[in-house]
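The values are calculated or read from the model by the stated rules, or taken from the named source; none is laboratory data. What you are looking at is a predicted structure, and each value in this text was computed from that prediction instead of being measured. Cβ atoms come from the backbone with ideal geometry, glycine included; neighbour counts cover every protein chain shown. Keep in mind that these areas ignore ligands, DNA and RNA; they rest on the heavy atoms of the full protein, side chains included. Shrake-Rupley method; radii C 1.70, N 1.55, O 1.52, S 1.80 Å.
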Amino acid sequence: MIITLKDGSTKEYEKEMAIIDIASDISEGLARVATAAELNGEVVDLRTVVKEDANLNILTANDEKGLAALRHTTSHVLAEAVKNLYPEAKLAIGPSIDTGFYYDFECESFTREDLDKIEAEMKKIIKKGAKLERFELPREEAIKFMEDKGEPYKVELIKDLPEDAVISFYRQGENFTDLCAGPHLMSTKSIKAFKLISSSGAYWRGNEKNKMLTRIYGTAFPKKEELNAYLEHLEDVKRRDHNKLGREMELFTTVDVIGQGLPLLMPKGAKIIQTLQRWIEDEEDNNRGYVRTKTPLMAKSDLYKISGHWDHYKDGMFVMGDEETDKEVFALRPMTCPFQYYVYKASQKSYRDLPLRYGETSTLFRNEDSGEMHGLTRVRQFTISEGHLIVRPDQMVEEFKNCIALAQYCLQTLGLEEDVTYHLSKWDPDNREKYIGEPEVWEETQQHMRDIMNELGIDFVEDVGEAAFYGPKIDINAKNVYGKEDTMITIQWDALLAEQFDMYYVDENGEKVRPYIIHRTSMGCYERTLAWLIEKYAGMLPTWLCPEQVRVLPISEKYADYAAEVEKELKKNGIWTSVDMRSEKIGYKIREARLNRIPYMLVVGQKEEEDKTVSVRSRYLGDEGQKSLDEFIKDICEEIRTKEIRKIQTEENK
């Protein structure tokens with residue numbers, strides 16, 4: 001048989017061979033570092049026997065898929081260690097993930113001390129260098145095998161496999177065997193660098209109706225240097241985590257008696273949100289041709305039945321009343337679109353009136369699962385920069401492009417444009433009951449959007465089944481510091497709901513015509529954007545967004561009057577300023593202002609008072625020297641007006 005390798009070279013063998021033996025034939029060094037392989041494009045175990053001509057790529061831990069095999073084997077070592085130390089623990093699942101691996105157990109929760117003890121046990125297992133052996137069992141034997149071991153979750157997994165599934169196991173030394181499809185390393189001794197990161201709760205199969213299990217997260221790398229770099233990255237992640245940092249900065253808080261997913265924005269956080277909202281509203285209204293609406297926070301169920309939300313989204317809504325007993329049932333709004341449709345319908349529209357661009361700073365309510373909520377990124381009440389454009393069909397493409405341009409302008413202004421990915425979220429033709437409308441309308445609409453993205457030169461991926469029930473959308477996504485991806489901005493193409501609401505305009509021939517609708521956010525959810533900004537800038541937001549932009553620091557009480565004069569002049573120019581009048585040493589005041597992430601500190605003493613100057617210290621350059629007060633005001637006002645994102649060049653603030 002002829003084996004074609006990744007570089008195009010070939011190897012010829014007279015008989016079938018296991019991939020690990022082929023790797024040894026190529027190079028003993030390659031065989032030592034091999035973790036898995038791609039056989040005709042499919043990731044397989046090194047133990048796989050090749051019986052005919054094939055394309056073969058030997059994977060190492062330097063390859064993404066090869067690293068996954070290393071991490072997967074490390075998760076099995078973790079499971080063996082837990083069983084050694086806690087024999088009563090029941091095994092669930094233990095896959096590799098983007099950041100490492102995890103394993104779920106039915107047992108008591110683990111402390112950091114427990115994790116350290118488990119790590120030590122793992123090192124003992126790895127030191128023994130046990131070989132991993134793969135074997136298969138018929139269905140009934142496999143079930144009995146795991147029943148005898150007292151592993152109910154494994155039994156459930158086996159029973160859920162298709163009747164014709166290959167049921168494979170990996171034996172790891174003499175005392176541990178796990179149900180697994182693989183692939184795995186040949187031996188545990190190939191694991192060189194790993195770390196158990198944390199422990200948390202996780203529902204079996206991700207369903208909150210199931211039992212809560214205990215999950216251990218870990219990671220593994222081929223080299224200790226890579227592991228150490230990753231652990232340093234995790235420390236930076238913890239420092240940036242908005243759920244921790246936002247509370248430390250007194251931007252928001254949560255209270256149990258108020259409820260999960262209902263954050264309280266504190267004065268500083270509310271100031272940032274206010275700044276963002278005013279910026280977006282002014283941009284839309286003054287530069288993009290939007291008109292503003294203000295609509296109710298709730299409506300009767302009748303409205304949502306017309307829109308289709310009652311049938312397709314009711315579980316995600318807060319419903320007030322009982323359909324069986326109450327004459328009227330209300331629900332808090334999860335979206336604004338049907339309300340703005342009735343603004344449109346309040347008077348007859350001509351083709352000359354379109355496009356109509358309605359904007360609203362909308363507070364919405366969605367009944368998120370408790371396990372999904374986190375800080376400001378996933379909440380039950382939130383505010384978005386919502387808009388709906390009612391357009392003629394011939395205007396749709398241009399208006400859709402303009403919506404993308406507005407989103408990109410917002411991202412660029414906030415310094416976030418390099419952090420996002422674009423997704424064309426499509427319907428799932430195999431799950432038609434989830435959507436309204438005919439297949440040809442969906443396919444045509446999706447092709448229009450595909451053409452627009454290609455014309456604009458925007459890279460995007462296509463996600464089946466992620467469309468709204470009434471139309472496909474462009475989702476602009478970003479990852480938080482932990483790697484979880486969330487949608488930040490959405491732009492939807494809707495060719496269907498105008499029919500539901502009997503919306504029309506009168507064309508040039510006097511005929512009634514259905515408009516198209518674009519549902520869009522310009523910047524998305526304000527709370528989620530604030531979380532994103534906190535993590536992006538580690539709390540050191542651009543000056544124009546900071547709730548305190550300048551702190552005046554008098555050297556002593558003697559200069560309190562001049563400090564107050566400086567403060568008054570700054571505030572007169574719209575600069576958010578405070579004065580630290582405490583009788584503390586100036587070095588202490590500077591350090592505290594820096595810890596409070598204040599962009600500018602103005603030190604004032606005798607010389608500054610005499611010369612009508614200020615000594616400027618900034619987070620960007622450190623000591624910027626003396627400036628006249630007028631010059632400083634001119635510079636900072638220009639920075640705020642242009643929404644400049646100054647680069648931090650001092651090591652102490654990086």
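Are there any pairs with C-beta distances below 8 angstrom linking a residue in region 256-277 that is under 21 Å from G524 (Cα atoms) and of a type outside the set (D, E, K, R) to a residue that is modelled with pLDDT of 95 or more and open to solvent by 60 Å² or more (accessible area, probe 1.4 Å), with the two at least 6 apart or on different chains, and if so which?
Every condition considered, the pairs that remain are G261/Q381; L262/Q381; L264/I258; M266/E250; G269/E250; I273/L265.
Any chance you could count how many residues in region 137-154 are among the small types (G, A, S) and crowded, with 17+ Cβ neighbours inside 10 Å? Let's see the steps before the verdict.
Just the residues of region 137-154 that are among the small types (G, A, S), to begin with: 142, 150.
Next, only the ones that are crowded, with 17+ Cβ neighbours inside 10 Å stay: 142.
Of the residues in region 137-154, 1 are among the small types (G, A, S) and crowded, with 17+ Cβ neighbours inside 10 Å.
In the list I118, I93, which residue meets the criterion of being within 27 Å of the chain's Cα centre (by Cα), at pLDDT 95 or above and either farther than 26 Å from I158 by Cβ or open to solvent by 50 Å² or more (accessible area, probe 1.4 Å) (or both)?
Unique residue meeting the criteria: I93.
Could you tell me whether region 405-417 includes any residue that is within 30 Å of Q274 (Cβ to Cβ), among the hydrophobic types (A, V, I, L, M, F, W, C) and in contact with an Asp or Glu (Cβ under 6 Å, 6 or more places away or on another chain)? If you could, list the steps in order and put the result at the bottom.
Of all residues in region 405-417, those within 30 Å of Q274 (Cβ to Cβ) come to 405-417.
Checking the rest, the ones that are also among the hydrophobic types (A, V, I, L, M, F, W, C) come to 405-407, 410-411, 414, 416.
Next cut, in contact with an Asp or Glu (Cβ under 6 Å, 6 or more places away or on another chain) only: 411.
Checking region 405-417: at least one residue is within 30 Å of Q274 (Cβ to Cβ), among the hydrophobic types (A, V, I, L, M, F, W, C) and in contact with an Asp or Glu (Cβ under 6 Å, 6 or more places away or on another chain).
Pairs please, first residue from region 39-55 and in contact (Cβ under 8 Å) with a residue 60 or more places away in the chain, second anywhere and open to solvent by 50 Å² or more (accessible area, probe 1.4 Å) and outside any loop (DSSP other than H, G, I, E, B), Cβ atoms under 8 Å, 6+ apart in sequence or on different chains.
V43/K65; D45/R134; R47/R134
When I648 is evaluated against the numbered criteria (1) within 25 Å of T413 (Cα to Cα); (2) open to solvent by 90 Å² or more (accessible area, probe 1.4 Å), which criterion, by number, is the only one it fails?
(2)
Under 8 Å between Cβ atoms, which residue pairs at least 6 apart in sequence (or on different chains) link something in region 540-568 that is under 25 Å from A270 (Cα atoms) and assigned to a helix (DSSP H, G or I) with a partner that is open to solvent by less than 10 Å² (accessible area, probe 1.4 Å) and among the aliphatic types (A, V, I, L, M)?
Pairs found: T543/I636; L545/I272; L545/L276; L545/L533; E567/V552.
All but one of (1) within 22 Å of R378 (Cα to Cα); (2) surrounded by fewer than 16 Cβ atoms within 10 Å (Cβ to Cβ) hold for D326; which doesn't?
Just one mismatch for D326, condition (1).
Need pairs with beta-carbon distance below 6 Å; first residue over 14 Å from V77 (Cβ atoms) and within region 169-189, second among the aromatic types (F, W, Y); sequence gap 6+ or separate chains.
Filtered contacts from region 169-189: F169/F135; L179/F169.
Scan E52, E80, E42, E108 and give me the residue that is in contact with a strand residue (DSSP E or B) (Cβ under 6 Å, 6 or more places away or on another chain) and open to solvent by 10 Å² or more (accessible area, probe 1.4 Å).
Working: E52 fails: in contact with a strand residue (DSSP E or B) (Cβ under 6 Å, 6 or more places away or on another chain); E42 fails: in contact with a strand residue (DSSP E or B) (Cβ under 6 Å, 6 or more places away or on another chain); E108 fails: in contact with a strand residue (DSSP E or B) (Cβ under 6 Å, 6 or more places away or on another chain).
Selected residue: E80, the only one of E52, E80, E42, E108 that is in contact with a strand residue (DSSP E or B) (Cβ under 6 Å, 6 or more places away or on another chain) and open to solvent by 10 Å² or more (accessible area, probe 1.4 Å).
Do you know which residues across region 545-574 are crowded, with 19+ Cβ neighbours inside 10 Å, among the hydrophobic types (A, V, I, L, M, F, W, C) and under 15 Å from M601 (Cα atoms)?
Within region 545-574, C546, V550, V552, L553, A563, V566, L570 meet the criteria.
Quick one: in region 566-585, of everything that is among the acidic types (D, E) and out of contact with any Pro (no Cβ under 8 Å at 6 or more places or on another chain), which residue is farthest from D630 (Cα to Cα)? Don't jump to the end; show me each part of the working.
If we filter region 566-585 for residues that are among the acidic types (D, E), which is where we start, we get 567, 569, 580, 584.
Cutting the leftovers down to out of contact with any Pro (no Cβ under 8 Å at 6 or more places or on another chain) gives us 567, 569, 584.
Numbers: E567: 13, E569: 9, E584: 27 Å.
Only one residue fits best here, namely E584.
Listed here are the residues, each with its yes/no results for (1) among the aromatic types (F, W, Y); (2) exposed (fewer than 13 other Cβ atoms within 10 Å of the Cβ).
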site: P429; (1), (2): no, yes
site: R432; (1), (2): no, no
site: Y435; (1), (2): yes, no
site: E438; (1), (2): no, yes
site: E443; (1), (2): no, no
site: Q447; (1), (2): no, yes
site: E455; (1), (2): no, yes
site: F460; (1), (2): yes, no
site: A468; (1), (2): no, no
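Kindly list, by first and then second residue, each pair from a residue in region 417-433 that is farther than 30 Å from W532 by Cβ to a residue that is open to solvent by 70 Å² or more (accessible area, probe 1.4 Å), limited to pairs with Cβ atoms under 9 Å and residues at least 6 apart or on different chains.
What qualifies is P429/E443; P429/V464; D430/V464.
Using beta carbons and a limit of 7 Å, which pairs, at least six apart or on different chains, have the first residue in region 132-144 and more than 12 Å from S168 (Cβ to Cβ) and the second one open to solvent by 80 Å² or more (accessible area, probe 1.4 Å) and of a type outside the set (A, V, I, L, M, F, W, C)?
I143/K159
Can you tell me how many residues in region 72-89 are more than 19 Å from A130 (Cβ to Cβ) and out of contact with any Phe, Trp or Tyr (no Cβ under 6 Å at 6 or more places or on another chain)?
Initially, region 72-89 is screened for residues more than 19 Å from A130 (Cβ to Cβ), giving 86, 88-89.
The next check asks that each one be out of contact with any Phe, Trp or Tyr (no Cβ under 6 Å at 6 or more places or on another chain); those that pass are 86, 88.
Total meeting the criteria: 2.
For a quick check of your reading of the model, give me the residue pairs whose first member lies in region 486-500 and is on the phi < 0 side of the Ramachandran plot and outside any loop (DSSP other than H, G, I, E, B), whose second is open to solvent by less than 30 Å² (accessible area, probe 1.4 Å) and of a type in the set (D, E), with beta-carbon atoms closer than 8 Å and at least 6 apart or on different chains.
Every condition considered, the pairs that remain are T487/D475; I489/D475; T490/D475.
Report yes if I58 is outside any helix (DSSP H, G or I), closer than 25 Å to I97 by Cα and touching a strand residue (DSSP E or B) at 6+ places or on another chain (Cβ under 8 Å), otherwise no. Please lay out each step first, then the result.
Working: outside any helix (DSSP H, G or I): yes; closer than 25 Å to I97 by Cα: yes; touching a strand residue (DSSP E or B) at 6+ places or on another chain (Cβ under 8 Å): yes.
Spelling it out, I58 is indeed outside any helix (DSSP H, G or I), closer than 25 Å to I97 by Cα and touching a strand residue (DSSP E or B) at 6+ places or on another chain (Cβ under 8 Å).
Please list, ordered by residue number, the strands (runs of 3 or more DSSP E) wholly in region 569-647 having 3 or more residues that are hydrophobic (A, V, I, L, M, F, W, C).
Values: elements: 577-579, 600-604, 613-618, 622-628.
In region 569-647, the matching strands (runs of 3 or more DSSP E) lie at 600-604.
Taking the residues in region 12-37 that are in contact with a helix residue (DSSP H, G or I) (Cβ under 7 Å, 6 or more places away or on another chain) and not small (G, A, S) as candidates, determine which candidate is surrounded by the fewest Cβ atoms within 10 Å (Cβ to Cβ). Show your work before the answer.
Of all residues in region 12-37, those in contact with a helix residue (DSSP H, G or I) (Cβ under 7 Å, 6 or more places away or on another chain) come to 20, 23-24, 30-31, 34-37.
Then keep just the ones that are not small (G, A, S); that gives 20, 30, 35.
Numbers: I20: 17, L30: 14, T35: 27.
Across region 12-37, the extreme among qualifying residues is L30.
Of the numbered conditions (1) in a loop (DSSP other than H, G, I, E, B); (2) within 24 Å of S370 (Cβ to Cβ), K244 fails exactly one; give the number of that condition.
That leaves (1) as the condition not met.
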